[in-house]
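What follows is a short report on a single structure.
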Amino acid sequence: MGPRSGLAAVSAALLAMNRTLQVRDVLQTIVASARELLDARYAALGIPDGNGGFAQFFVAGVSDRQWKAIGPLPRQHGILAAMLHDGNPVRLADVRLDPRFEGWPSAHPEMSDFLGMPIADGVEILGALFLANKRCPSGRRKPGVCAFTAEDEELLSLLAEHAAIALTNARLYERSRELTIADERARLAHELHDAVSQKLFSLRLTAQAAAALVERDPARARNELRQVTALAAEAADELRAAVIELRPAALDEDGLVATLRAQIQVLDRAHPARVTFDCRDLRALPAAHEEALLRVSQEALHNALRHAAPRHVEVTLFRRGLDAVLRVTDDGSGFDPSAVRTAGRHLGLVSMRDRAAAVSGNLIVESAPGKGTVIEMEVPGG
């Protein structure tokens with residue numbers, strides 16, 4: 001492999017690793033990139049379980065059928081697990097001759113030349129890459145012939161360093177998403193708690209009134225008891241909503257429209273204001289765009305319901321040309337956007353603009369005291 005082609009291959013591998021922030025996708029991309037970069041027949045990536053073995057194993061060059069036939073993933077496979085302990089690369093002409101080799105299952109493909117490289121972030125070992133059977137011209141598949149070289153080891157070390165960065169970034173991203181989801185669930189829980197508490201308080205007062213009237217005015221007491229029944233049913237509905245809506249966020253499974261509709265139904269029940277949702281002819285969007293639109297709508301709804309005392313808040317998703325548009329409109333107290341900036345209060349506007357910019361979108365805020373507010377976000381696609 002010449003220097004120019006090697007550099008191009010490394011560049012392609014690094015770009016592939018950084019195209020996604022989903023940990024599982026990053027791991028699969030790393031192992032596929034390593035196999036392609038070093039022209040190996042087989043590649044694998046093991047993730048440690050914290051107990052000296054492997055919690056996950058990703059492979060390339062082995063079909064799904066072969067992988068299932070091999071059986072359970074390796075837990076303590078000598079030479080593989082050794083790299084999780086000492087963190088040193090291993091390059092062998094024939095892995096089967098190494099004293100640490102412990103064999104493999106009957107369905108496992110035959111392997112000879114071997115190159116292993118830890119993926120480390122400082123002293124922490126995040127995983128280990130394993131390559132086997134350097135591709136050779138036909139008829140030259142012999143141990144030690146066409147095996148991995150010192151240059152291959154150096155190239156894989158470079159890839160492993162960048163893989164550590166990509167994997168760390170992906171894990172931080174997923175952790176930030178988990179924290180955002182937890183924060184949103186806590187906010188919904190608070191709003192649902194307020195709504196249910198109000199229903200239960202009314203229920204208690206009505207029941208007390210019925211008890212006081214039961215002897216001196218039975219007819220009025222019966223009316224109060226009918227009201228108790230209605231309030232109890234409403235409280236039960238709110239509690240059922242709490243159970244349903246406090247599940248983990250369903251954006252990945254249900255998509256933007258269903259997730260947003262469900263959350264708006266909760267807010268409509270939990271607040272005096274009427275909160276409505278309408279979606280018109282929206283196509284599927286990239287996951288990052290959907291998440292940005294969801295978070296901006298949540299921030300805009302939170303601001304309107306908490307600060308503007310509106311009678312009605314309307315959320316609309318629609319298509320404008322080649323773009324998708326989110327519009328959140330309320331008839332509340334409004335505000336002066338320039339005064340908000342001058343006072344150092346942002347009402348979430350900075351984070352909303354940042355979310356829009358992160359997906360090549362645009363955010364427009366229109367508001368004035370006493371005139372309500374319109375927040376519109378436009379992103380490519382839809």
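Bear in mind these aren't lab numbers, they're just calculated from the coordinates by the rules spelled out. On a predicted model such as this, the values are computed, not experimentally measured, just so you know. Every residue, glycine as well, gets a Cβ built from its backbone with ideal geometry; the counts of neighbours run over all protein chains shown.
Side notes on the structure shown:
- Extension gain for the segment Glu215 to Cys146, taken as residue separation times 0.36 nm less the Cα-Cα distance, is 14.8 nm to one decimal.
- Ordering of 277-283, 107-113 by packing [mean C-beta count within 10 Å, highest first]: 107-113, 277-283
- Taking 0.36 nm per residue of separation and subtracting the current Cα-Cα distance, fully stretching the chain between Ser338 and Arg24 would add 108.7 nm.
- Within the range 302-341: backbone nitrogen closer than 12 Å to the Ala368 label point (7 Å, Cα to C-beta): 335-337
- Between Ala107 and Ala55, the modelled label-to-label distance comes to 2.6 nm, taking each label 7 Å out from Cα in the direction of the beta carbon.
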